[in-house]
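Colleague: Here you go, one structure.
The values are calculated or read from the model by the stated rules, or taken from the named source; none is laboratory data. Just so you know, these numbers come straight off a predicted model, no measurement behind them. A quick note on method: Cβ atoms are made from the backbone with ideal geometry, for glycine too, and the neighbour counts reach across all protein chains shown. Accessible surface is based on the protein model in full, side chains and every heavy atom, while ligands, DNA and RNA are left aside. Shrake-Rupley method; radii C 1.70, N 1.55, O 1.52, S 1.80 Å.
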Amino acid sequence: MEYLLIIISAIFVNNIVLAQFLGICPFLGVSNKLSTASGMSLAVCFVITLATVVTYLINQYLLVPFGLTFLQTIAFILVIAALVQMVEIVLKKVSPSLYQALGIFLPLITTNCAVLGVAINVVTKQFTFGGEAHMLNLGEATVYAFATSLGYGLAMVLFAGIREHLALNDVPKAFKGLPIAMISVGIMALAFLGFSGIV
């Protein structure tokens, strides 16, 4: 039951983009087309989940025992950068078209604050489930990271679909482009806010 609460909370209630406002740059930059948004979502999902597991283990078995927790941010950034390089190499070999479509935004996953934000949240934030606050164990951290990345992907794919429809509609000149996109994101955030009573 606790894992189900973590999943629902991470995807809908505390959505990383719409509630915590992390990862906005690629969210706005890659969401023009549904195909690139879904590809970016998969890459971010992989990186967030893997980076969280690796950074959790580094924190628990290296930084905390040796009193080096002040190095968390630097260590986490190095791990994330290495994982993004790995994803970039794999995508270049497996799907060159997706690699070309993502362009500059693929290396920007390294600086995507959603990836670093999830990794830091897992090791520093107290989570409340079932009335008591506690730190996440490795299994819960992995589920939380995966669910958070699914929430990121869901928001990005929904937003890309909305932007594709907006491109086909007659939007007033003053609202074309970024203004109507920001209004759409605001309405999406309000819609996701409706889930806050669930958990």
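Colleague: On a straight-distance basis, which lysines could pair with Lys173 in a cross-link, Cα separation under 24 angstrom, same-chain partners fewer than 8 positions away excluded?
Modeller: Lys33
Colleague: Treating only the Cβ of Lys, Arg, Asp and Glu as charged (+1, +1, -1, -1), what charge dipole size does the chain show about its Cα centre? Round to the nearest 20 debye.
Modeller: In total the dipole reaches around 500 debye.
Colleague: For a quick check: with amide H placed at 1.01 Å from N, whose amide H comes under 5 Å from Leu136's, ignoring anything fewer than 5 positions away on the same chain?
Modeller: Residues meeting the amide H criterion: Phe127.
Colleague: Through the Karplus equation 6.51 cos²θ - 1.76 cosθ + 1.60, θ set to phi - 60°, convert the phi angles of segment 153-160 into ³J(HN,Hα) values in whole Hz; use x for Gly and Pro.
Modeller: Once θ is set to phi - 60°, the couplings for segment 153-160 become x, 4, 4, 5, 5, 4, 5, 5 Hz.
Colleague: Go through segment 28-43 residue by residue and turn each phi into a ³J(HN,Hα) via Karplus (6.51, -1.76, 1.60, θ = phi - 60°); whole Hz please, and just put x for glycine and proline.
Modeller: 7, x, 9, 8, 6, 10, 5, 5, 6, 5, 5, x, 5, 4, 5, 5
Colleague: Using a 1.4 angstrom probe with every protein chain in place, what is the largest-first accessible-area order of Phe12, Phe21?
Modeller: Most to least solvent-accessible, the answer reads Phe21, Phe12.
Colleague: Could you pull out every residue, at least 5 positions away or on a different chain, whose amide H is within less than 5 Å of the one on Val171? Hs are placed 1.01 Å off N in the peptide plane, and Pro or chain starts have none.
Modeller: none
Colleague: Right, here's the next one. Per Stokes-Einstein, at 4 °C and 1.567 mPa s, what whole-number D in µm² s⁻¹ belongs to segment 58-116, with the Kirkwood radius over Cα pairs as the hydrodynamic radius?
Modeller: My calculation gives 101 µm²/s for D.
Colleague: Of the accessible area of the chain, with the probe set at 1.4 angstrom, what percent is carbon plus sulfur?
Modeller: It is 72 percent, rounded to a whole number.
Colleague: At 7 Å along the Cα-to-beta-carbon direction for both Ile8 and Val64, put a label point, then send me their distance in nm to one decimal.
Modeller: 2.8
Colleague: So, one more: Between Ile104 and Leu57, with labels modelled 7 Å along Cα→Cβ, what's the label distance in nm to one decimal, could you check?
Modeller: 3.5
Colleague: Residue by residue, what Karplus-based ³J(HN,Hα) values in Hz, rounded to whole numbers, does segment 106-113 have, using 6.51, -1.76 and 1.60 with θ = phi - 60° and x for Gly and Pro?
Modeller: The phi angles translate into 5, x, 6, 4, 4, 9, 5, 5 Hz.
Colleague: With label points built 7 Å along Cα→Cβ from the Cα atoms of Met182 and Thr128, find their separation and express it in nm.
Modeller: It works out to 3.3 nm between the two label points.
Colleague: Averaged over all directions, how much area does the convex hull of the C-alpha atoms of the chain cover when projected, in nm²?
Modeller: Mean projected area of the Cα convex hull: 12.2 nm².
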